[in-house]
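Q: This structure is in structure tokens; I'll ask about it shortly.
Derivation of every value follows stated rules applied to the coordinates shown; laboratory data play no part. Given the structure is predicted, the values throughout are model-derived calculations rather than measurements. Every residue, glycine as well, gets a Cβ built from its backbone with ideal geometry; the counts of neighbours run over all protein chains shown.
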Amino acid sequence: MTLSKYLYGPLTAFGIGVAAVTAAADQALKLWLLFGYDLAAHGTMRLGPFIDLRLVWNPGISYGLFPQVGPLGQWALLTIKAVAVVLLWVWLSHSASRLAALALGLIIGGAIGNAIDRVAHGAVADFVLFHITTATWTFNWYVFNLADVGIVAGVVGLLYESTLAKTANGTPQKRPDP
């Protein structure tokens, strides 16, 4: 088998296009918030009763797990991310549905957007904070970014496609043979 059989399929261009748009949108928003608006200097910016913009640098992975402050740890996380992106691309090349290709593109683009941060800044820039505050209680969701939204939306799309998606006549979609 040739390498192209593993990396290119009928929906690969669509999925990679989604990945490129996702990563570009994530980076454009981060660049504007960091250097145009200068979120670090402005501090927390209230957008509504339940959402703020607050800059947090995440040296780890999701939810701040496995924080890595040294170069060895950062490169280890980047290596794991690169392997994951290649495996997702192979999955994308075998995808038979536009929903799966869209979802995989969102995940790949989000991973690339966060990897760019890790290379450029040594950590991932997170900035959206959902919260609920009452007189006696406060709940803060973790701080996230547009790349994280792409990853979560992609995972939701894959879960939907694998569990609930049906063909036009109501039968489950047939999975292609590997």
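Q: Spelling out what I want: for every residue of region 82-90, take phi, set θ = phi - 60°, compute 6.51 cos²θ - 1.76 cosθ + 1.60 (Karplus), and round to whole Hz; glycine and proline get x.
A: So the Karplus estimates, Gly and Pro as x, are 5, 4, 4, 5, 4, 5, 5, 5, 4 Hz.
Q: Give the share of C-alpha pairs in each 5 angstrom bin for region 18-163, from 0 to the last occupied bin, in whole percents, shortest bins first.
A: P(r) over region 18-163, rounded to whole percents: 2, 10, 17, 20, 19, 15, 10, 6, 2, 0, 0.
Q: Next question, about the same structure. Each residue of region 31-48 in order: what ³J(HN,Hα) in whole Hz does its phi give by Karplus 6.51 cos²θ - 1.76 cosθ + 1.60, θ = phi - 60°, with x for Gly and Pro?
A: 4, 5, 5, 7, 10, x, 7, 6, 4, 4, 6, 7, x, 5, 10, 6, 9, x
Q: Give me SER93, SER162, SER4 sorted ascending by neighbouring Cβ count inside 10 Å, so fewest comes first.
A: Starting with the residue having the fewest Cβ neighbours, the order is SER4, SER162, SER93.
Q: For the chain, find the longest principal axis of its Cα atoms and tell me its angle to the long axis of helix 98-121, 0 to 90°, nearest 10.
A: It works out to around 40 degrees.
Q: When LYS30, LYS81 are ordered from fewest to most other Cβ atoms inside 10 Å of their Cβ, what list results?
A: On the way: LYS30 25, LYS81 16.
Result, fewest neighbours first: LYS81, LYS30.
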